[in-house]
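For reference, the structure discussed in these notes is given below.
The values are calculated or read from the model by the stated rules, or taken from the named source; none is laboratory data. All figures in this text were calculated on a predicted structure; none of them were measured in a lab. All Cβ positions, glycine included, derive from the backbone under ideal geometry; neighbour counts span all protein chains shown.
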């Protein structure tokens, strides 16, 4: 039995479609308050038989922090895809992040060991990788630097990776994937969908940083190929192209029928906005919208080397331009229907 955690997220929903097509039956864990209809919507992007395929999924309400429920949900599991995560860059959410990302992953690892799971695939992030010397590409061997100003999200995702590596030392075969920013259809109010939604309304300015981009369908393809292979106890960067925010926002804007951003927004301005955002959160209890870590990431120029994934699983990534055109077309179709 193949089991997926985080099946109601961007990666998890697209992954479930791929798995259900290949294997006919998949078990997916979800929180009781999660939106299963969002997954059904993603299925509809692929097939007219979306409902038929969706109904083949065995949905199990089980939080990864609820050990008894999780133990029961993983009964009979042979292969586990762990895509569940809590995403926040707000330092005030550190305890929640640590509990979900680190403790939750530790629970998955421990129960996989107990159940004799054949292989675990953990969805991490390029945020867990260190910074390369200027001009050099970041690889899987660019090690995490705890002295850097790492975001609370990155700290907890790194901690989660350590739990997976601990599991491999105890006999659990595993692979880790480290995607960059994942573009894909659906979930327009979260993940990279927020960027698409913003670009659809017009963006006049851009930050000076760069980012690694990858298609959600490519993330799924590499994950499933890794799980079907003999590769174990290894990690892989998943990035199709390193792209400046200016280029990314320009391509998105044009694909969405908007004028591309013309001027760079200075670091000091976003830093000031972040400070005011923090003061508002402290005084009035408002939600942080622009943490300092987010501002730093928007002005960081990071370049990733995904050649290891290309070689080991014989894979070619979808050009980012093609991904943007496809995702933008789907967004426009939904927003005008």
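Has segment 244-255 got any residue that is at pLDDT below 95 and not in a loop (DSSP other than H, G, I, E, B)? Steps first, answer last, please.
Quick first cut of segment 244-255, residues at pLDDT below 95 only: none.
No, segment 244-255 contains no residue that is at pLDDT below 95 and not in a loop (DSSP other than H, G, I, E, B).
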Exercise. So which pairs qualify, if the first residue must be in segment 325-336 and touching a residue at least 60 places away in the same chain (Cβ under 8 Å), the second must be in a helix (DSSP H, G or I) and surrounded by 15 or more Cβ atoms within 10 Å (Cβ to Cβ), the Cβ gap must be under 6 Å, and the two must be at least 6 apart or on different chains?
Worked result: 325/255; 328/255; 331/196
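Here is a check on your reading of the model: is residue 295 touching a helix residue (DSSP H, G or I) at 6+ places or on another chain (Cβ under 7 Å), in a helix (DSSP H, G or I), surrounded by 14 or more Cβ atoms within 10 Å (Cβ to Cβ) and at pLDDT below 95? Quick ask: steps written out before the conclusion?
Numbers: touching a helix residue (DSSP H, G or I) at 6+ places or on another chain (Cβ under 7 Å): yes; in a helix (DSSP H, G or I): yes; surrounded by 14 or more Cβ atoms within 10 Å (Cβ to Cβ): yes; at pLDDT below 95: yes.
Criteria met by residue 295.
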For this session: Only residues that are at pLDDT below 95 and either loosely packed, with under 15 Cβ neighbours inside 10 Å or in a helix (DSSP H, G or I) (or both): list them for segment 299-319, please.
Result: 300, 301, 314
Exercise. For segment 197-239, which residues satisfy the criterion of being over 25 Å from residue 129 (Cβ atoms) and touching a strand residue (DSSP E or B) at 6+ places or on another chain (Cβ under 8 Å)?
Worked result: 204, 205
Problem set entry | Residues located in segment 111-133, provided they are free of Cβ contacts under 8 Å to residues at least 24 places away in the same chain and either more than 19 Å from the chain's Cα centre (by Cα) or part of a helix (DSSP H, G or I) (or both) | 116, 133
Exercise. Which number in (1) at pLDDT below 90; (2) under 19 Å from residue 219 (Cα atoms) marks the one condition that residue 128 misses?
Worked result: (1)
Problem set entry | All positions within segment 261-270 that are touching a residue at least 12 places away in the same chain (Cβ under 8 Å) and either farther than 21 Å from residue 248 by Cβ or assigned to a strand (DSSP E or B) (or both) | 263, 264
Seminar exercise, completed: If we keep only residues of segment 13-35 that are in contact (Cβ under 8 Å) with a residue 24 or more places away in the chain and out of contact with any helix residue (DSSP H, G or I) (no Cβ under 8 Å at 6 or more places or on another chain), then the residue nearest to residue 332 (Cα to Cα) is 35
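Would you call residue 214 more than 16 Å from residue 329 (Cα to Cα) and crowded, with 18+ Cβ neighbours inside 10 Å? Walk me through how you get there before you give the answer.
Working: more than 16 Å from residue 329 (Cα to Cα): yes; crowded, with 18+ Cβ neighbours inside 10 Å: yes.
So residue 214 passes the test.
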For this session: Have a look at 242, 233, 178 and point out the one that is in contact (Cβ under 8 Å) with a residue 60 or more places away in the chain and over 23 Å from residue 299 (Cβ atoms).
Result: 233
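Report whether or not residue 70 is out of contact with any strand residue (DSSP E or B) (no Cβ under 6 Å at 6 or more places or on another chain) and either modelled with pLDDT of 95 or more or surrounded by 18 or more Cβ atoms within 10 Å (Cβ to Cβ) (or both). Can you show your working first?
Numbers: out of contact with any strand residue (DSSP E or B) (no Cβ under 6 Å at 6 or more places or on another chain): yes; either modelled with pLDDT of 95 or more or surrounded by 18 or more Cβ atoms within 10 Å (Cβ to Cβ) (or both): yes.
Here the answer is yes, as residue 70 does meet what is asked.
Does residue 222 count as surrounded by 15 or more Cβ atoms within 10 Å (Cβ to Cβ) and part of a helix (DSSP H, G or I)?
Working: surrounded by 15 or more Cβ atoms within 10 Å (Cβ to Cβ): yes; part of a helix (DSSP H, G or I): yes.
So residue 222 fits the description; yes.
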Exercise. Among the residues of segment 233-241, is there at least one that is touching a helix residue (DSSP H, G or I) at 6+ places or on another chain (Cβ under 9 Å), surrounded by 15 or more Cβ atoms within 10 Å (Cβ to Cβ) and farther than 28 Å from residue 152 by Cβ?
Worked result: no
